[in-house]
Amino acid sequence: MSSSLDASACHDLLRSFLAEDIGSGDITTETTVSATQRARGELIAKAPLVLAGMELFAEVFRLLDLTAVVEIVSRDGEELAPGKIPARVKASARALLTGERVALNLLQRLSGVATLTRRFVRAIEGTGAEILDTRKTTPGLRALEKYAVCVGGGKNHRKDLGDAVLIKENHIRLGGGVSAALTAARAAKGRAQWIEIEVTNLDELCAAVKHSPDVILLDNMSPSLVRQAVGEVRKHSEAKKIRTEASGGITLENVREFAEAGVDWISVGALTHSAPAVDLSFEIEPE
């Protein structure tokens, strides 16, 4: 997933968001504000946050008013203190009022993902492990949420099911076990970026190591068991470096324990499925 964002490539998506919110028309704004009225809006941080989605915020107003002028003061990835003004917009008053909710919703959501990701990344600094996201994203927003993870300093796992082989518990059960599933997965070697299997105990781990997958995911293991599992992988995979990934039950309070257990990757579904929206406001005044 790219760590840069081309807002113009998101026009169709932004238009669909606006259409959902506007419906048959913004009757409040159309009946109370003149079509010729100009206004200016200031975006204000109300709490500490990591900014993500500024170009999308700006593009919403440009789509509603071709004459809109957006001054972006702070860029994605910057940490803002309360009271900081990351952007100012001058445009038709109607455009500012009609686009406000969509622009803020996106910015608050993506900045929330980036802010939480940054906290996880900082919690494991110096360990050598990396924080990864998952596919637990909002339908329709995956590319944007995964972009926000990168802004926060995390890395992307699979962007979709076609990226890599990830054999999980249900695949193992339906595919005849760890060895059978990994043997069958070799057929995807030319299509997949990597082949990975999820294990839940040391017996499954030992069976998996024999097939030398690219990655072994240690699912819902305690930090002490993860440390033991990492040792087993290193002991039995001298000819080929097998990466290890910890997942399940990872919190800000315990993530460093998992990192210090020696894993390469730590995947955290909460980055995208549970990140709280940050507190930003958009204050509009007559120009």
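The values are calculated or read from the model by the stated rules, or taken from the named source; none is laboratory data. None of these values were measured; they are calculated from a predicted model. Quick reminder, even Gly has a Cβ in these numbers, built from the backbone with ideal geometry, and neighbours come from all protein chains shown. To get the accessible areas, we keep the full protein, side chains included, count just its heavy atoms, and leave off ligands, DNA and RNA. Shrake-Rupley method; radii C 1.70, N 1.55, O 1.52, S 1.80 Å.
Can you name every residue in segment 102-125 that is under 11 Å from residue 280 (Cβ atoms), of a type in the set (Gly, Ala, Ser) and surrounded by fewer than 24 Cβ atoms within 10 Å (Cβ to Cβ)?
Of everything in segment 102-125, nothing turns out to be under 11 Å from residue 280 (Cβ atoms), of a type in the set (Gly, Ala, Ser) and surrounded by fewer than 24 Cβ atoms within 10 Å (Cβ to Cβ).
For residue 55, which of the numbered conditions (1) farther than 16 Å from residue 106 by Cβ; (2) surrounded by fewer than 21 Cβ atoms within 10 Å (Cβ to Cβ) fails to hold?
So the condition that residue 55 fails would be (1).
So which pairs qualify, if the first residue must be in segment 1-16 and within 13 Å of residue 103 (Cα to Cα) and of a type outside the set (Gly, Ala, Ser), the second must be exposed (fewer than 14 other Cβ atoms within 10 Å of the Cβ) and at pLDDT below 95, the Cβ gap must be under 8 Å, and the two must be at least 6 apart or on different chains?
13/140
Does residue 274 qualify as being on the phi < 0 side of the Ramachandran plot and of a type in the set (Ser, Thr, Tyr)?
Yes; evaluated as a whole, the condition is true for this residue.
Among 75, 62, which is the only one that is within 22 Å of residue 143 (Cα to Cα), in contact with a helix residue (DSSP H, G or I) (Cβ under 7 Å, 6 or more places away or on another chain) and without any contact (Cβ under 8 Å) to a residue 40 or more places away in the chain?
75
Give the residues of segment 17-47 that are outside any helix (DSSP H, G or I), in contact (Cβ under 8 Å) with a residue 40 or more places away in the chain and within 30 Å of residue 113 (Cα to Cα), sorted by residue number.
The answer is 26, 40, 41, 42, 43, 44, 45, 46, 47.
Can you find a residue in segment 88-96 that is out of contact with any Leu (no Cβ under 6 Å at 6 or more places or on another chain) and without any contact (Cβ under 8 Å) to a residue 12 or more places away in the chain?
no
Evaluate segment 235-242: report whether one residue or more is basic (Lys, Arg) and surrounded by 13 or more Cβ atoms within 10 Å (Cβ to Cβ).
Taking every residue of segment 235-242 in turn, none turns out to be basic (Lys, Arg) and surrounded by 13 or more Cβ atoms within 10 Å (Cβ to Cβ).
Considering segment 252-281 alone, what residues qualify as being assigned to a helix (DSSP H, G or I) and either among the aliphatic types (A, V, I, L, M) or free of Cβ contacts under 8 Å to residues at least 60 places away in the same chain (or both)?
Matches in segment 252-281: 255, 257, 259, 270, 271.
Does residue 128 count as within 20 Å of the chain's Cα centre (by Cα), open to solvent by 20 Å² or more (accessible area, probe 1.4 Å) and in contact (Cβ under 8 Å) with a residue 60 or more places away in the chain?
no
Scan segment 158-183 residue by residue and report those that are in a helix (DSSP H, G or I) and either in contact (Cβ under 8 Å) with a residue 12 or more places away in the chain or open to solvent by 70 Å² or more (accessible area, probe 1.4 Å) (or both). Before the answer, list the steps.
Of all residues in segment 158-183, those in a helix (DSSP H, G or I) come to 169-175, 178-183.
Passing the criteria: 169, 170, 171, 172, 173, 174, 178, 179, 181, 182, 183.
Determine which single condition residue 91 fails, assuming it passes every other condition in (1) open to solvent by 30 Å² or more (accessible area, probe 1.4 Å); (2) touching a helix residue (DSSP H, G or I) at 6+ places or on another chain (Cβ under 6 Å); (3) not β-branched (Val, Ile, Thr).
So residue 91 meets the others, but not (1).
Of these, 83, 99, which one is part of a loop (DSSP other than H, G, I, E, B), open to solvent by less than 70 Å² (accessible area, probe 1.4 Å) and of a type outside the set (S, T, N, Q)? Don't jump to the end; show me each part of the working.
Numbers: 99 fails: part of a loop (DSSP other than H, G, I, E, B).
On inspection, the qualifying residue turns out to be 83.
Just checking, which of 246, 261 is touching a helix residue (DSSP H, G or I) at 6+ places or on another chain (Cβ under 6 Å), crowded, with 22+ Cβ neighbours inside 10 Å and under 27 Å from residue 191 (Cβ atoms)?
Values: 261 fails: under 27 Å from residue 191 (Cβ atoms).
Result of the check over 246, 261: 246.
Output the number of the condition that residue 155 fails; it satisfies all remaining conditions of (1) in contact with an Asp or Glu (Cβ under 6 Å, 6 or more places away or on another chain); (2) crowded, with 21+ Cβ neighbours inside 10 Å; (3) closer than 19 Å to residue 51 by Cα.
Result: residue 155 passes all but (2).
Go through (1) over 23 Å from the mean Cα position of the chain (by Cα); (2) surrounded by 18 or more Cβ atoms within 10 Å (Cβ to Cβ) for residue 42 and report which single condition fails.
The number of the failed condition is (2).
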